[in-house]
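The values are calculated or read from the model by the stated rules, or taken from the named source; none is laboratory data. No experiment lies behind these values; they were computed from the predicted model shown. Don't worry about glycine lacking a Cβ; one is built from the backbone with ideal geometry, like all the others, and counts go over all protein chains shown. The area values use the complete protein model at the heavy-atom level, side chains included, leaving out ligands, DNA and RNA. Shrake-Rupley method; radii C 1.70, N 1.55, O 1.52, S 1.80 Å.
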Amino acid sequence: MLVNPEGFKARRVVLLGLGEAAKIDVDTFRRAAGRSSTLGSVGNAATVAFAVAGREPLACQGIIEGFLLGGWKHREFKSGEDTGNGVKTKQVVFVTDDKKQLKPLQKAVERGQIIAEGQLLVRQLGDTPANHLTPMLYAKRAQTLARDNGVDVTVLDEAAIKREKMGALLAVAQGSEQPPRFIVLKHSGGRPSQKPIVLIGKGVTFDTGGISLKQAQDMHEMKGDMTGSAIVLATMITAARLDLPLNLVGLMPLAENMPSGKATRPGDIVTSRKGKTIEIINTDAEGRLLLADALDYANTFKPEAVIDIATLTGATLYILGYAGAPILGNNDT
């Protein structure tokens, strides 16, 4: 970093090393900008400018994504000096010497900002405590976000879920005082004849394990067991904001998995929406129950493809650690 460099109006100039030229790609810029946003001198600046002369607009998309993602902190529930959003940067400028690049650059930056904001929405929801994100509160928040961004939204309450005969979802929710919800989101950006892609996200707003109670250690992290649904919600909103030429449907089955006198017991048998009977051996295997009913509901849309996203099993950590996420399916492409 250069402080008060001669010949510059900027108070500071930060030099970012990108590594070997032959290996530089969009993610290189994303990581570099993300690292820069964590520097106090950068994060405290009202205006930050990136010199991008000679760079493709796609690099600028990576820069704004990295800058927004790297500098984000969840401050919603902070107190004292940490209240507020903590963002001091009011303007991010991209400097180029090629006027022909201005419009493509602007479009790339706008696209990057939308994509980053979608990812930040997932982080924010995943970090929200379960008492502030019950199925009902989550549904109201999803309704507001969807409507504000042009996404069609329908919320099925407990009575509507019963009419749909979603016995697996109801079994997960029956131990909680918080009633379940089932959210249907639609983005119709493709041709009317185009079959939709259906996205399904597991939405267990808190997972105690039910009667098959989890260990107390790290149970607080189970507020994040709804992250799959947050990804679906953010993807649908991002698709609408980007005006993607696709027909998408997002399904979010929401429930709390709690132990109580009303809770599902190991050995109970429930009937799914498809009419299949399910013997529950471990009540902490609740995610597949929610997904079973949602997957069957997805068939009503005659989809081109179905993708479900879930924080489904801790066994993943024993296999991959934090290096990646497992993907299972019947389509290698």
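Find the percent of Cα-Cα distances in region 246-332 that exceed 20 Å, and round it to a whole number.
In whole percent, the long-distance tail amounts to 49.
Counting Lys and Arg as +1 and Asp and Glu as -1, what is the net charge of the other residues whose Cβ lies under 12 Å from the Cβ of residue 290?
Values: positive: 181, 202, 273, 288; negative: 207, 225, 256, 286, 293, 296, 308.
Residues close to residue 290 contribute a combined charge of -3.
If each Cα of region 199-259 is one equal point scatterer, what is log10 of I(q)/I(0) from the Debye formula at q = 0.12, 0.24, 0.30 Å⁻¹?
For region 199-259, the Cα-only Debye profile gives -0.38, -0.90, -1.15.
Quick check on the chain: of the DSSP beta bridges with both residues there, what percent are antiparallel, nearest 5%?
Approximately 50 percent, going by the DSSP bridge assignments.
Excluding residue 226 itself, what net charge comes from residues whose Cβ is under 14 Å from its Cβ, given Lys and Arg +1 and Asp and Glu -1?
-2
Please quote Rg/Rh for region 77-230 to two decimal places, taking the Kirkwood radius as Rh and restricting both calculations to Cα atoms.
Value, to two decimals: 1.06.
Between residue 163 and residue 88, how many nm apart are label points set 7 Å from Cα along the C-beta direction?
In this crude spin-label approximation the distance works out to 5.5 nm.
What Rg and what Dmax come out for region 1-55 when only alpha-carbon atoms are used, in angstroms?
Taking only Cα atoms of region 1-55, I get Rg and Dmax of 12.3, 34 Å.
How many percent of the accessible area of region 213-333 is carbon or sulfur, using a 1.4 Å probe?
Answer for region 213-333: carbon and sulfur cover 54 percent of the accessible area.
With a sphere of radius 15 Å drawn around the Cβ of residue 18, what net charge do the other residues whose Cβ falls strictly inside it have (Lys, Arg +1; Asp, Glu -1)? Don't jump to the answer; show the numbers that get you there.
Values: positive: 23, 30, 31, 35, 55; negative: 20, 25, 27, 56.
Neighbourhood net charge equals +1.
Give me the percent of the accessible area of region 1-73 that comes from carbon and sulfur atoms, probe 1.4 Å, all protein chains in place. Mind dumping the intermediate values first?
On the way: 2460 of 4590 Å².
Carbon and sulfur: 54 percent of the exposed surface of region 1-73.
With the chain treated as a Gaussian network of Cα nodes joined by springs under 10 Å, which of 205, 128, 313 yields the largest mean-square fluctuation?
313
Please express the shape of region 139-236 as an equivalent ellipsoid: the semi-axes are the square roots of 5 times the eigenvalues of the C-alpha gyration tensor, given largest first in whole angstrom.
28, 16, 12
Would you please put 165-176, 212-223 in order of how densely packed they are, using the mean number of other Cβ atoms within 10 angstrom per residue and starting with the highest?
The packing order, highest mean first, is 165-176, 212-223.
Out of the GluC sites (Glu not before Pro) in region 119-198, which ones are loop residues according to DSSP with at most 15 other C-beta atoms within 10 Å? Kindly include the intermediate steps, with their values, before the conclusion.
On the way: sites: 158, 164, 177; in loops: 164, 177.
Passing both the DSSP loop test and the Cβ count: 177.
Take each of the peptides 2-9, 262-269, 184-191, 144-151, average the number of other beta-carbon atoms within 10 Å over its residues, and list them starting from the highest.
Descending packing order for the listed peptides: 184-191, 144-151, 262-269, 2-9.
Quick one: compute the contact order of region 1-127, relative version, from alpha carbon pairs under 8 angstrom and 6+ residues apart, as a percent.
26
I need the fraction of alpha carbon pairs in region 37-125 separated by more than 16 Å, rounded to a whole percent.
58
Any idea what the dipole of region 1-117 comes to, in debye rounded to 20, about its Cα centre with Lys/Arg Cβ at +1 and Asp/Glu Cβ at -1?
Using only the charged Cβ atoms, the result is roughly 220 debye.
Compare the Cα positions of 14, 249, 106 along the charge dipole of the chain (+1 at Cβ of Lys, Arg; -1 at Cβ of Asp, Glu; about the Cα centre) and return the one farthest towards the positive end.
Of 14, 249, 106, it is 106.
If R₀ is 25 angstrom, what is the calculated FRET efficiency for the pair residue 246 and residue 144, using the beta carbon separation as r and rounding to 0.05?
After rounding to 0.05, the efficiency reads 0.60.
In whole Å, how far is the Cα centre of region 142-219 from that of region 256-333?
Each part reduced to its Cα centre gives a spacing of 12 Å.
Considering amide H positions built from the backbone, and no H for Pro or chain starts, which residues 5 or more places from residue 12, or on another chain, come under 5 Å of its amide H?
HN-HN under 5 Å from residue 12: 4.
With a probe of 1.4 Å, find how much accessible area the chain has per residue, and write the answer as a whole number in Å².
With all protein chains present, the chain gives 57 Å² per residue.
Could the peptides 95-108, 237-250 be put in order, highest first, of the mean number of other beta-carbon atoms found within 10 Å of their residues? Show your work: numbers first, answer last.
Details: 95-108: 13.2, 237-250: 19.4.
Put in order of decreasing packing, that is 237-250, 95-108.
State to the nearest 20 debye the size of the charge dipole of the chain about its Cα centre, where the only charges are +1 on K and R beta carbons and -1 on D and E beta carbons.
Value, rounded to 20: 840 debye.
Which of 202/262; 223/262; 88/223 have a Cα-Cα distance over 27 Å?
Numbers: 202/262 22 Å; 223/262 21 Å; 88/223 29 Å.
Over 27 Å Cα-Cα: 88/223.
Mind telling me which of 48, 198, 153 comes out most flexible in a GNM of the chain, alpha-carbon contacts under 10 Å?
48
If I take every Cα pair under 8 Å that is 6 or more residues apart in the chain, average their sequence separation and divide by the length, what percent do I get for the relative contact order?
Dividing the mean separation by the residue count of the chain yields 16 percent.
Let me check the size of the chain from its C-alpha atoms; what are the radius of gyration and Dmax in Å?
22.8, 76
Out of 34, 45, 62, whose Cα points farthest toward the positive end of the dipole of region 20-78 (charges: +1 Lys, Arg; -1 Asp, Glu; placed on Cβ)?
45
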